[in-house]
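Engineer: Here it is, the structure, as structure tokens.
The values are calculated or read from the model by the stated rules, or taken from the named source; none is laboratory data. Nothing here was measured: the structure is a model prediction, and the numbers come from that model. As a convention, Cβ positions derive from the backbone with ideal geometry for all residues, glycine included, and neighbour counts pool all protein chains shown. Heads up: the accessible areas ignore ligands, DNA and RNA and are worked out on the full protein's heavy atoms, side chains in. Shrake-Rupley method; radii C 1.70, N 1.55, O 1.52, S 1.80 Å.
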Amino acid sequence: ALKNKLHWKPSSLLAPVPAVMVSCGTLEKANIITVGWCGVLSTRPPRLYVSIRPERHSYGIIDSTGEFVVNLTPASLVEVVDYCGTVTGKKVDKAAKTGLTLTPSEKVSAPTIENCPMALECKVFDKVKSGSHDVFMADIVSVSLDEDLLDNTGKLHLERAGLLVYSHGEYFNIGKKLGKIGLSMENKKKGRKAKV
């Protein structure tokens, strides 16, 4: 039986999305902003984007330096993530207030948040105005990650990071692994139909 579907006005209801902390500035004068509008642009070259409102303090820093770090956040830091997204860095040193540890990054002047299991260092190559937010498009120039995310063969197990996601005003941790890309083809070889 077909379900009845409701039709709402256009809205940014794509969910879930990563709830990341973006660090910018320098190690000596850093700021951290929580960003929900963040995603991959391409794999070759590795590129991503973050969308930030022009009135946010971090916007001016990223716009002038052209650098930032996307720090993937564990669910254990949910209160810190929320704080860094609701308080302005114009008035508060968020790292000092939350107890986050900032360390030098490898290829950008913006610091990395040591408390996060993975960080993507980025250099802006373009900015696009897009309504309420401007989109900073950036090359990923370096990736740092906790060693314990790797197994003894060097394979990455990002599920070990316990990452946080954002969904329509609420935070969630990522659930259990259900499969990997190509799962439907493996099932087809075994003679099973994909479940609908």
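Engineer: Output the residues belonging to region 140-164 that are open to solvent by less than 40 Å² (accessible area, probe 1.4 Å) and more than 11 Å from residue 69 (Cα to Cα).
Structural biologist: 149, 157, 161, 162, 163, 164 - these are the residues of region 140-164 that are open to solvent by less than 40 Å² (accessible area, probe 1.4 Å) and more than 11 Å from residue 69 (Cα to Cα).
Engineer: Six or more apart or on different chains, Cβ under 7 Å: which pairs go from a residue in region 169-189 that's on the phi < 0 side of the Ramachandran plot to one that's surrounded by fewer than 10 Cβ atoms within 10 Å (Cβ to Cβ)? Could you list them?
Structural biologist: Correct list of pairs: 184/194; 187/194.
Engineer: Among the residues of region 84-91, is there at least one that is open to solvent by 20 Å² or more (accessible area, probe 1.4 Å), touching an Asp or Glu at 6+ places or on another chain (Cβ under 8 Å) and not in a loop (DSSP other than H, G, I, E, B)?
Structural biologist: no
Engineer: Now, a different point. Can you tell me which residue in region 108-125 is farthest from residue 67 (Cα to Cα), limited to those that are in contact (Cβ under 8 Å) with a residue 60 or more places away in the chain and of a type in the set (S, T, N, Q)?
Structural biologist: 112
Engineer: Select from region 99-109 the residues that are in contact with a helix residue (DSSP H, G or I) (Cβ under 7 Å, 6 or more places away or on another chain) and either buried (at least 20 other Cβ atoms within 10 Å of the Cβ) or hydrophobic (A, V, I, L, M, F, W, C) (or both) and list them in ascending order.
Structural biologist: Within region 99-109, 100, 102 qualify.
Engineer: Find the residue count for region 66-83, including only residues that are farther than 15 Å from residue 26 by Cβ, assigned to a strand (DSSP E or B) and either among the polar types (S, T, N, Q) or open to solvent by less than 10 Å² (accessible area, probe 1.4 Å) (or both).
Structural biologist: Adding up the residues that qualify gives 2.
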